[in-house]
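The values are calculated or read from the model by the stated rules, or taken from the named source; none is laboratory data. The structure presented is a predicted model; accordingly, all values stated were derived computationally and were not measured. Every residue, glycine among them, receives a Cβ derived from its backbone with ideal geometry; neighbour counts consider all protein chains shown. Remember, those area values only see protein heavy atoms, side chains included, never the ligands or the DNA or RNA. Shrake-Rupley method; radii C 1.70, N 1.55, O 1.52, S 1.80 Å.
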Amino acid sequence: MSQQDLCTASPRHRRAAVVGLGARAQLFTEALAGAYSDRIELVGFCDVNAHRMAVHNDWLAAAHPGRAPVPAYAAEDFDEMLRRERVDRVVVCTVDRTHDDYIVRALEAGCDVVTEKPMTIDADRARRILQAQRRTGGDVRVAFNYRYNPVHAAVRELIASGEIGEIGSVHFEWLLDLRHGADYFRRWHREKANSGGLMVHKSTHHFDLVNWWLGSRPETVYAQGGLFFYGDEAGRRRGLARDYDRAHGSAAAKNDPFAVHLADSSVLSSLYLDAEHEDGYHRDQNVFGPGVTIEDDMAVLVRYASGATLTYHLTAYAPWEGYRIAFNGSEGRIELLVEESTWTRPDVRSDGASAVMHGTAVGDEAGRTELLVRRFWEPPREVKVPTGEGGHGGGDVRMLADLFGGVDGGGGNGGGGDSDRPSAHDPLGRAADAVDGARSLVTGLAANRSFETGMPVRVRELLDV
Ligand SMILES: NC(=O)c1ccc[n+]([C@@H]2O[C@H](COP(=O)([O-])OP(=O)(O)OC[C@H]3O[C@@H](n4cnc5c(N)ncnc54)[C@H](O)[C@@H]3O)[C@@H](O)[C@H]2O)c1
């Protein structure tokens, strides 16, 4: 049987499998078993960890009584799963470094793919995906949920309508607070070989938004970045470090506001603590422990093909979470402020454990969103955008509707790189394909290279997209 025969091709998108059944996968498993179950059947799970797959099946059984468990396959049986379950669409939610392997194998088996961001973590892997997509003609969609956030759509509409003329520059600052930012230093993300670092793992979202908003692609990148706050050296120097490898079972972690206590959360216990005997995955490592190879403070300067420039900063140890963006145009300026959390506070119980799943909680005050258009010679005008419900400012639920709801995103076919072009089905061009995935990556990859060399990097020398 040829690779192409592993998947049934017709009718399209009736039988989906999810590979990588960690935390993020629940968004997709629940959508496929729930809201979209009349259109698409969830027919397979695949992971290196059988326990985590069983937990997802328990969650589905609780939410959908009477539902039969989804057949669970070990990672080495991925191809067998595609064949036996006649899969035609694969949703990839594994650790970033493994995305390329599953995307390419799924495409070669004749399946279409939805992959979590980042599409992959380096240029060679991105080239493999692009080549496989072109060779097979399969559809690759990258799950850029932020494109579906209503306020981001409003920005795209304002820019596309010429409200502030031609864009000369963008100024973009993204802050991760002590609760969320620290989480990247507790688990596999803390090693660049797994995640590509935050320039890839996190900023792929932000660089994708800028590419999409400007309708352009990055050409030259210069960057400086380092590990300023987390890691053993910085932790020791500032007296923040405690003496433990992982928080579970450690007295030293008890009143550490940077520790996550897996046993305090039924979700984290079942998904990770109870599963670690199979693969040794510790999700609660010390953020001030050794072995961190990613940066936490990064400054990037980008020149785009359109001539616009971007100054971008990502900080992973901020007191509040959110972002500020300003677009300078030939006829005015657009300014966006999004406060997702306003402050963080230690949240440790009297027995030393954490009262919430992280030792740090966010303040109760509601954040705010402010979108201003400041046209030349006119007073500022606030554009009111209804706040989206659900994760990522309402982006998740809208993205799911586009991916699984039967409305073809219109772009999504990977080869042409024109998915940001509006179509009748997708007037904002939100469906992101493999070329978009690669273009969102190259800024971060070039920034990583620039961190190492101290020199500007021509993006084409890394990846010609
Ligand atoms: N779009 C978003 O906003 C968003 C949010 C969170 C996570 N994500 C992405 O989702 C993906 C998963 O993140 P997560 O937070 O769920 O991580 P996680 O650690 O909770 O889950 C990862 C899963 O992958 C499995 N896995 C690891 N290696 C594997 C392999 N070789 N084969 C099969 N399975 C393997 C693990 O066992 C685990 O179940 C990441 O790529 C992440 O970037 C995206």
> Which of the residues that make up region 157-185 are of a type in the set (D, E, K, R), out of contact with any Gly (no Cβ under 8 Å at 6 or more places or on another chain) and surrounded by fewer than 23 Cβ atoms within 10 Å (Cβ to Cβ)?
Replying inline: E157, E173, R179, D183
> Got a number for residues in region 394-418 being modelled with pLDDT under 75 and either in contact with a strand residue (DSSP E or B) (Cβ under 9 Å, 6 or more places away or on another chain) or not in a loop (DSSP other than H, G, I, E, B) (or both)?
Replying inline: 5
> Can you tell me which residue in region 137-146 is surrounded by the most Cβ atoms within 10 Å (Cβ to Cβ), limited to those that are within 11 Å of the ligand (Cβ to nearest atom) and over 13 Å from V90 (Cβ atoms)?
Replying inline: V142
> Tell me, which strands (runs of 3 or more DSSP E) wholly within region 41-136 include 2 or more residues that are open to solvent by 10 Å² or more (accessible area, probe 1.4 Å), within 12 Å of the ligand (Cβ to nearest atom) and touching a strand residue (DSSP E or B) at 6+ places or on another chain (Cβ under 8 Å)?
Replying inline: 72-74
> Which members of region 437-465 meet the condition of being open to solvent by 10 Å² or more (accessible area, probe 1.4 Å), part of a helix (DSSP H, G or I) and not basic (K, R)?
Replying inline: L445, N448, F451, E452, T453, E461, L462
> Consider R179 against the criteria (1) within 30 Å of G289 (Cα to Cα); (2) at pLDDT 95 or above: it satisfies all of them except one. Which criterion is unmet?
Replying inline: (2)
> Counting just the residues of region 186-201 that are open to solvent by 10 Å² or more (accessible area, probe 1.4 Å) and part of a loop (DSSP other than H, G, I, E, B), which one comes out nearest to the ligand (Cβ to nearest atom)?
Replying inline: R187
